[in-house]
1. From the P(r) of region 350-398, could you give the percentage of C-alpha pairs in the tail past 14 Å?
2. Residue by residue through region 20-35, which ³J(HN,Hα) values in whole Hz follow from phi under the Karplus form 6.51 cos²θ - 1.76 cosθ + 1.60 (θ = phi - 60°), with glycine and proline marked x?
3. Go through region 58-151 and name the trypsin sites (Lys or Arg not before Pro) that are in a DSSP coil and have 12 or fewer other Cβ atoms within 10 Å of their Cβ.
4. Taking θ = phi - 60°, what integer Hz values does the Karplus form 6.51 cos²θ - 1.76 cosθ + 1.60 yield along region 207-214, in sequence order, with x for Gly and Pro?
5. How big is the dipole moment of region 256-303 about its Cα centre under a simple scheme where the beta carbon of each Lys and Arg is +1, that of each Asp and Glu is -1, and everything else is neutral? Debye, nearest 20, please.
6. List the lysines whose alpha-carbon lies under 20 Å from that of K254, not counting same-chain residues fewer than 8 positions away?
7. Take region 85-156, compute every pairwise Cα distance, and split them into 10 Å bins from 0; I just need the percent in each bin.
8. Viscosity 0.890 mPa s, temperature 25 °C: give me the Stokes-Einstein translational D for region 191-265 in µm²/s, with Rh taken as the Kirkwood radius over C-alpha pairs.
Amino acid sequence: MYDAPGQDGRWTVIDNIGTLVTNDPETGAGPLGLIHDAAVVLGDGLVQWVGPRSRIPEGSAGSRYDLRGRAALPGFVDSHAHLVFGGERAEEFEARMTGAPYGAGGIRTTIAATRAASDAELGANVARLVAESLHSGTTTIETKSGYGQSVPDELRSLEVASAHTTERTLLAAHVTPPEFAGRSDDYVRMVVDEMIPKCAPHAKWIDVFCEEGAFDADQSRAVLEAGIAAGLTPRVHGNQLSYGAGVQLAVELKAASVDHVTYTTDADVEALAAGDTVATLLPGADFSTRNKYPDARALLDAGVTVALAADCNPGTCYTTSIPFCIALAVREMHMSPAEAVWAATAGGAAALQRTDIGHIRVGARADLIALDAPSHLHLAYRPGVALVREVWKDGYRR
């Protein structure tokens, strides 16, 4: 059963919030817009009022939830996920943990499993992972295609995803599939001439894996420019495994985000700071591949907008937990707890170019979570503990 707001003209009042993260410095204190002893009023799927609980507007009758001093914050915005896939790669993970290096080639295992799976099987897997994400506080999630790598399989991947999110990305150029082995230019031409025209109406974003072992700068540019011409907004998988052209290409083409950003030069950081492209960091992937972590401090200190996302996928980061990624960001990437929470909420919204989520202010989507803790600090302070106690999405308590 979901509790619906606004029934019979009534609102939902979330009361007795110990510490509320609004991400609105005009509403509360500091960059996170903190309000202590707070309340939020929801109605019609939106935030109707936010402030100290002593000032709750008269007439705010309806459902009332007493958080008993617990913390609340915007729902997490996971701007990078790969949820449409078949099979799993636990044995590859075991091999990597015992010394085998990670390369992009493992993706081909998932391509075979995805092609062999039925639409129903793919849909059930996406539903499972979206529910798992919601349970840990993610109220908005993006997902990519990229494990089909043929026109019909990429198309059905996006169609399967459409039942679960509006934030769908055509990752046509993930790797070169087996039937195009040694002919990556031919595959790129097929992506540009056939796949993008047929799949673009079912996606919002175009992405490419610009990396050694995947696609070089010229190939990546061709894919992104074709996507832009088809009405899609670019994003880039860049600089995950080595220094390369991904960051600079993303900034040049005004991509919404460049994701991973593990290997960066001073010039890369300067380019990001001078542009509007969000640097989306995926510490779960670096944890799961024993890769080095991005230099988050250099990015933040330069003024780059940073997002955190889970990168859920079967090969290199099989987690949907944003709280886990927040803890990693604080411990391993030297982000402050406030910076990590902002990156996982407002930063994710920026990476998706959304202004209606990632914050709690009047008119925002009524997406928020309550923690079984008095403060957002506990997300990093108590790693591995399931602290998300309540989730509201579009004003409904899930």
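The values are calculated or read from the model by the stated rules, or taken from the named source; none is laboratory data. Note that the coordinates shown come from a computational prediction; the quantities given were computed from them, not determined experimentally. Because the Cβ atoms are built from the backbone with ideal geometry, glycine has one as well, and the counts that use them run over all protein chains shown. Each accessible area value is taken on the protein alone, full model and side chains, heavy atoms only, with ligands, DNA and RNA left out. Shrake-Rupley method; radii C 1.70, N 1.55, O 1.52, S 1.80 Å.
1. Details: 697 of 1176 pairs.
More than 14 Å apart: 59 percent of the Cα pairs in region 350-398.
2. Couplings: 10, 8, 9, 6, 10, x, 7, 8, x, 8, x, x, 7, x, 6, 10 Hz.
3. R68
4. Once θ is set to phi - 60°, the couplings for region 207-214 become 9, 8, 8, 8, 6, 4, x, 10 Hz.
5. 260
6. K144, K204
7. Per 10 Å bin, starting at 0, the Cα pair percentages come out as 18, 40, 35, 7.
8. For these conditions, the coefficient is 203 µm²/s.
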